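Here is the structure we will look at.
The values are calculated or read from the model by the stated rules, or taken from the named source; none is laboratory data. For clarity, every value in this text was computed on a predicted model and none was experimentally measured. Methodologically, a virtual Cβ is constructed for each residue, glycine included, from the backbone with ideal geometry; neighbour enumeration extends over all protein chains shown. Side chains included, ligands, DNA and RNA excluded: accessible areas come from the protein's heavy atoms. Shrake-Rupley method; radii C 1.70, N 1.55, O 1.52, S 1.80 Å.
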Amino acid sequence: MAKNKPNGQRTNPSRPQTIPASSPVKPTQPAPPALAKKGLQTYLWLPLLLAVFIAYAFGFSNGFVDWDDSEYVFGNPYVLEPTADHVRTLLKSVVALNYHPLTMLSLAANSAFFGPEATSFIVTNTAFHLLNTLLIFGFAYQLSRKNQWVALFVAAVWGLHPMHVESVIWVSERKDVLYTFFFLSACLTYLRYRTSGATIWLFLTFSLFVASCIAKAMAVVLPFVLLLIDYWKAGDQNLKKTFRPAILFEKVPFLLVAVFVGLLATNVQAGGDFHGWLLRIAEKKDAVGQEPFAARWLVYGSYGFLMYLIKLVAPFRLSAFYPYPENVRNIEPQHWLGPVAFLLVVGYAVWQLLTAKTERQRLVVFGIGFFLITIILVLQFMTVGAAIMADRYSYLSYFGLIFLIVYGLYLLTGESPSRFRLATIGLGVFTALCFYRTIQQVKVWKNTETLWLHALQFYPENDQMREGLGDYYGKNNRIDEAMQQFKAAVENGSNRYHCFEGLGNAYGLKNDFPKALEMYNQAIRMDSTKSDVYYNRGLTYNKTSRFQDALRDFNKALLLAPGKDSVVLTARGFTYLQLKSYKESLADYERYLRYKPNDPTALHNRGVDRFYLGDRAGALADIRRAVALKPDYEEAKNNLRQLEQAGQ
């Protein structure tokens with residue numbers, strides 16, 4: 001008989017040893033290397049989770065970024081004040097063109113238990129990412145025949161890859177880490193169902209799938225991932241046996257849910273409320289125009305696909321925003337590599353599917369299949385949003401490619417200890433690179449300024465980034481810097497109305513009212529449906545005593561966005577007051593004070609209205625309260641003194 005192999009020597013699981021047909025001994029799976037022995041799991045995943053935690057801990061002092069975070073958290077009263085009524089509202093609310101009630105409830109719970117500061121949300125996102133990294137470890141462990149070497153490096157690369165920083169450190173992407181948690185949990189319970197055959201595990205998988213869908217609609221692809229798992233676990237069986245009717249039938253409830261969620265998501269992304277069932281409470285500013293289908297296919301979707309592949313192995317030049325080419329007919333030559341790469345990669349996977357006879361071939365099908373299934377909905381074959389790709393879209397989907405690479409390296413090393421050591425060193429070095437790059441990328445998301453300044457390094461002429469940076473400077477009273485950004489966008493030929501509106505705001509703050517009105521007029525010519533522009537122009541008309549013009553603008557703003565009446569009413573009330581329309585002014589302040597009953601300016605002005613309408617007692621009460629709320633309110637103090645003297 002042959003001598004036993006030395007300890008630690010590996011055999012290739014795809015090439016089991018042959019034995020004489022007469023031998024009574026049955027062939028068995030080769031023993032895993034020492035690193036993959038049972039009993040070492042704790043020592044593997046604890047240091048891994050610690051490394052992930054350390055990398056993301058550099059972002060615990062980060063703040064919110066003024067890019068969706070306002071709609072999701074710091075400008076959303078339903079999240080910041082999670083009363084019973086507000087929670088009921090969140091359950092039926094569309095936020096930033098998405099319906100994901102579980103995500104919104106998690107943000108509200110975050111605010112209720114840990115406070116409204118950004119740190120609590122970022123720490124919670126990181127906690128979910130740590131759980132997801134652990135789930136990735138378990139998923140890879142089960143798929144690789146309980147090979148802990150494979151599981152360790154798959155989880156390490158996935159958990160530390162800098163492309164995933166956006167999903168974790170950006171507060172608004174709570175939906176990414178949350179839906180992935182339920183998605184991966186469903187994959188693991190489905191594996192348990194396949195092993196045990198117990199229906200309870202299939203029911204649990206279905207429940208986790210529903211939870212994943214209401215955290216983020218991208219989870220609708222899970223039924224196809226489950227079929228991919230069926231294919232992987234079937235081993236050398238052919239496709240006909242893999243997809244037998246019983247396996248397909250058990251996916252029907254999953255597919256029905258996926259269709260429903262898909263229809264709902266399509267409706268709200270297009271600006272709908274799903275036939276009146278939902279409530280729209282926070283809107284996004286922009287939508288991108290549609291290009292011809294051929295352009296999307298040849299350029300947008302396939303180029304994004306190629307860049308995800310490149311940035312997996314070369315995670316550099318990461319940006320919060322990757323703009324579309326200026327013109328599909330005049331795109332840069334490298335964009336045309338996308339269709340070639342897409343057809344080659346997908347074609348190769350299909351060929352392996354049709355000819356698969358070995359584990360390596362099935363691995364190619366599974367890895368590419370998982371990546372494509374989980375990212376296909378956000379490849380820009382149909383343009384969604386204003387970017388050609390986004391780091392966050394790789395969050396779940398990269399598992400397929402990382403599993404393909406790591407397990408593929410394991411299989412390719414065969415029985416060679418030297419090649420195994422080389423693969424271990426190579427993956428270790430790449431993991432260390434990811435750790436370093438993740439720390440760098442976490443710091444990019446420190447605040448709105450650092451985010452957009454970093455992105456402008458790669459796209460210096462992009463007007464959307466300059467718009468975001470200009471808004472940030474304006475809100476922080478850095479008016480000259482705001483003007484610089486908005487002017488740069490306009491000089492680069494921006495067609496974004498808000499760049500002109502922002503420039504108008506800056507001129508207004510510098511008391512250059514004619515120039516401000518010029519910018520507002522241009523913004524309205526570009527888009528006459530934006531209530532904010534009419535509101536801001538109305539404020540400027542008030543400052544120049546053009547009260548009739550201001551009144552028309554405030555009425556238009558309320559018509560376009562009736563939900564913003566709490567903002568517009570106080571401005572229109574002041575305009576009515578200047579026009580001596582005291583009844584109308586009083587009505588506006590009455591409505592406004594229902595929203596903000598302790599606003600001293602509104603109380604004072606309502607008191608003035610009441611005085612001119614003959615209600616001296618009401619006027620005294622309002623103005624006294626205004627002074628009590630704001631003791632240094634000189635105008636209110638003077639009016640109160642005159643009223644009190646006149647009554648003596």
In region 612-635, how many residues are within 19 Å of residue 576 (Cα to Cα) and crowded, with 20+ Cβ neighbours inside 10 Å? 3
Return yes or no: is residue 481 under 26 Å from residue 169 (Cα atoms), among the acidic types (Asp, Glu) and surrounded by fewer than 19 Cβ atoms within 10 Å (Cβ to Cβ)? no
How many residues of region 608-633 are over 10 Å from residue 586 (Cβ atoms) and either assigned to a helix (DSSP H, G or I) or in contact (Cβ under 8 Å) with a residue 60 or more places away in the chain (or both)? The answer is 14
Quick one: in region 486-512, which of the residues that are in contact with a Cys (Cβ under 7 Å, 6 or more places away or on another chain) and open to solvent by less than 20 Å² (accessible area, probe 1.4 Å) is farthest from residue 538 (Cα to Cα)? 489
Looking only at residues that are in contact (Cβ under 8 Å) with a residue 24 or more places away in the chain and open to solvent by 50 Å² or more (accessible area, probe 1.4 Å) in region 192-209, which one is farthest from residue 234 (Cα to Cα)? 206
Tell me which residues, restricted to region 581-591, are open to solvent by 20 Å² or more (accessible area, probe 1.4 Å) and either part of a helix (DSSP H, G or I) or basic (Lys, Arg) (or both). 582, 583, 584, 586, 587, 590, 591
Would you list the helices (runs of 4 or more DSSP H) that sit entirely within region 97-215 and hold 1 or more residues that are within 16 Å of residue 79 (Cα to Cα) and at pLDDT 95 or above? 101-114, 118-143, 174-196
Is it the case that residue 296 is modelled with pLDDT under 90 and either of a type in the set (Lys, Arg) or open to solvent by less than 60 Å² (accessible area, probe 1.4 Å) (or both)? yes
(1) open to solvent by 10 Å² or more (accessible area, probe 1.4 Å); (2) part of a helix (DSSP H, G or I); (3) under 19 Å from residue 145 (Cα atoms): which one isn't true of residue 415, the others all being true? (2)
In region 513-538, what residues are open to solvent by 60 Å² or more (accessible area, probe 1.4 Å) and over 30 Å from the mean Cα position of the chain (by Cα)? 514, 515, 518, 525
Are any residues in region 592-607 part of a helix (DSSP H, G or I) and exposed (fewer than 15 other Cβ atoms within 10 Å of the Cβ), and if so, which ones? 594, 595
Taking region 83-96 as the search range and keeping residues that are over 14 Å from the mean Cα position of the chain (by Cα), of a type in the set (Val, Ile, Thr) and not in a helix (DSSP H, G or I), which one is farthest from residue 274 (Cα to Cα)? 83
Does region 346-359 hold any residues that are assigned to a helix (DSSP H, G or I) and surrounded by 15 or more Cβ atoms within 10 Å (Cβ to Cβ), and which are they? 346, 349, 352, 353, 359
Give the residue, chosen from 561, 550, that is of a type in the set (Gly, Ala, Ser) and either open to solvent by 60 Å² or more (accessible area, probe 1.4 Å) or modelled with pLDDT of 95 or more (or both). 550
